[in-house]
1. Can you pull out the residues in the range 185-201 that are over 23 Å from residue 53 (Cβ atoms) and surrounded by fewer than 24 Cβ atoms within 10 Å (Cβ to Cβ)?
2. Would you say residue 34 is surrounded by 20 or more Cβ atoms within 10 Å (Cβ to Cβ) and in contact with a Leu (Cβ under 6 Å, 6 or more places away or on another chain)?
3. Find the residue count for the range 284-295, including only residues that are without any contact (Cβ under 8 Å) to a residue 60 or more places away in the chain and either within 23 Å of residue 141 (Cα to Cα) or of a type in the set (Asp, Glu) (or both).
4. Here are some residues: 270, 241, 211. Which one is under 30 Å from residue 72 (Cα atoms), more than 10 Å from the ligand (Cβ to nearest atom), at pLDDT 95 or above and surrounded by fewer than 17 Cβ atoms within 10 Å (Cβ to Cβ)?
5. Name the pairs whose Cβ atoms lie under 7 Å apart, with the first residue in the range 211-235 and farther than 27 Å from residue 155 by Cα, the second of a type outside the set (S, T, N, Q) and within 8 Å of the ligand (Cβ to nearest atom), and 6 or more positions between them or separate chains?
6. Against the definition (over 30 Å from residue 151 (Cβ atoms), surrounded by 19 or more Cβ atoms within 10 Å (Cβ to Cβ) and either β-branched (Val, Ile, Thr) or free of Cβ contacts under 8 Å to residues at least 40 places away in the same chain (or both)), how does residue 87 come out, yes or no?
7. Has the range 79-102 got any residue that is closer than 18 Å to residue 23 by Cβ, within 14 Å of the ligand (Cβ to nearest atom) and assigned to a helix (DSSP H, G or I)?
8. Where residues in the range 147-161 are within 12 Å of the ligand (Cβ to nearest atom) and modelled with pLDDT of 95 or more, which of them is surrounded by the most Cβ atoms within 10 Å (Cβ to Cβ)?
Amino acid sequence: MTAPKSDFIWMDGKLVPWDQANVHVLTHTLHYGTGVFEGIRCYKTNKGSAVFRHREHIERLFASAKILGYAIPYSVDEVMKAVRETIKANNLEECYIRPIAFLGTENRGLNPKGLSVHLSIAVWPWGKYLGDEAAQHGIRVCISSFTRHHPNITMSKAKATGIYINSVLAKQDAVRNGYDEAVLLDPFGNVAEGSGENLFVIRNGRIKTPPAVSILEGITRDSIMRLAEDAGIPLVEQFFPRDELYIADEVFLTGTAAEVTPVREVDNRPVGKGSVGPVTQKLHDLFFDALRGKNQKYAAWLDIL
Ligand SMILES: *Cc1c(COP(=O)(O)O)cnc(C)c1O
């Protein structure tokens, strides 16, 4: 299997050829999971390519570093400029964008004091994260035997590399057991989120999503909440248990990679009629109109290159 790539990666202020974007094996982040990253998408719109909610993503990258206790040695505007430069250098109209900040090699211990902070930005063409079939007909998920982090174990508002062991274990297990994706419960037994996606459930025309406690506060989640509000669809942030998923009319997952992915089955029980429901479809369409620049109301979400 060959993963998609592009020509240049931005590393510490310079564009370097893709194959030369390497780090030392004693990088603190490789050993202790202290990196922070983002997943962003750039879409083709009628005004040219545009990075979706660019500033919010870069601000979250800085917030993630702050939670871990270090500072990225650039401004938000400088990083946004570097992202635009990287997309242009690679001649991509649409792409996935992966900035990552990580700590250097200056000491071997746990305490990150005195370590240099590095930043790289890679971009590559990336289609549907869970496949075209999934985007159209929905996916099959299971409740994971792994629990999402307690906020006092690793804080889930940071999109940090180390935290992702939890997601990787859950995802691997789900796929090995024949499902497309895992849904994790929080330490109190309530539904939290997918391995890399936030979750929404619809019952009797009302939408529910778990509060941002054990979950990553997704920017797609925020976009969907705003779109639902503007469309007059009632939505609450509320804890709910797994059986609420079994009796839901509709369930869907959101994330930059997964976009809006319908869920057609939870633990071998069909969700609603087992096909994509009307509320999911409506929010999906509103979301794609917004990111393609077809709805002027959300023009501020687009950073046109
Ligand atoms: C990144 C991520 C999401 C989705 O966030 P977006 O900002 O919508 O891309 C959801 N859950 C986890 C665990 C994540 O890491």
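1. 185, 186, 187, 188, 189, 190, 201
2. Here the answer is yes, as residue 34 does meet what is asked.
3. The first filter runs over the range 284-295 and keeps only residues without any contact (Cβ under 8 Å) to a residue 60 or more places away in the chain, leaving 284-286, 288-289, 295.
Narrowing further to those that are either within 23 Å of residue 141 (Cα to Cα) or of a type in the set (Asp, Glu) (or both): 284-285, 289.
Qualifying residue count, the range 284-295: 3.
4. On the way: 270 fails: under 30 Å from residue 72 (Cα atoms); 241 fails: under 30 Å from residue 72 (Cα atoms).
From the options 270, 241, 211, the qualifying one is 211.
5. Short answer, once both residue conditions are applied: none.
6. Details: over 30 Å from residue 151 (Cβ atoms): yes; surrounded by 19 or more Cβ atoms within 10 Å (Cβ to Cβ): yes; either β-branched (Val, Ile, Thr) or free of Cβ contacts under 8 Å to residues at least 40 places away in the same chain (or both): yes.
Spelling it out, residue 87 is indeed over 30 Å from residue 151 (Cβ atoms), surrounded by 19 or more Cβ atoms within 10 Å (Cβ to Cβ) and either β-branched (Val, Ile, Thr) or free of Cβ contacts under 8 Å to residues at least 40 places away in the same chain (or both).
7. Of the residues in the range 79-102, the ones closer than 18 Å to residue 23 by Cβ are 82, 86, 98-102.
Those left that are additionally within 14 Å of the ligand (Cβ to nearest atom): 98-100.
After this cut, where a residue has to be assigned to a helix (DSSP H, G or I) as well, the list is none.
No.
8. 148
The values are calculated or read from the model by the stated rules, or taken from the named source; none is laboratory data. These figures come from a predicted structure and were not determined experimentally. Virtual Cβ from ideal backbone geometry, glycine too; neighbours counted across all protein chains shown.
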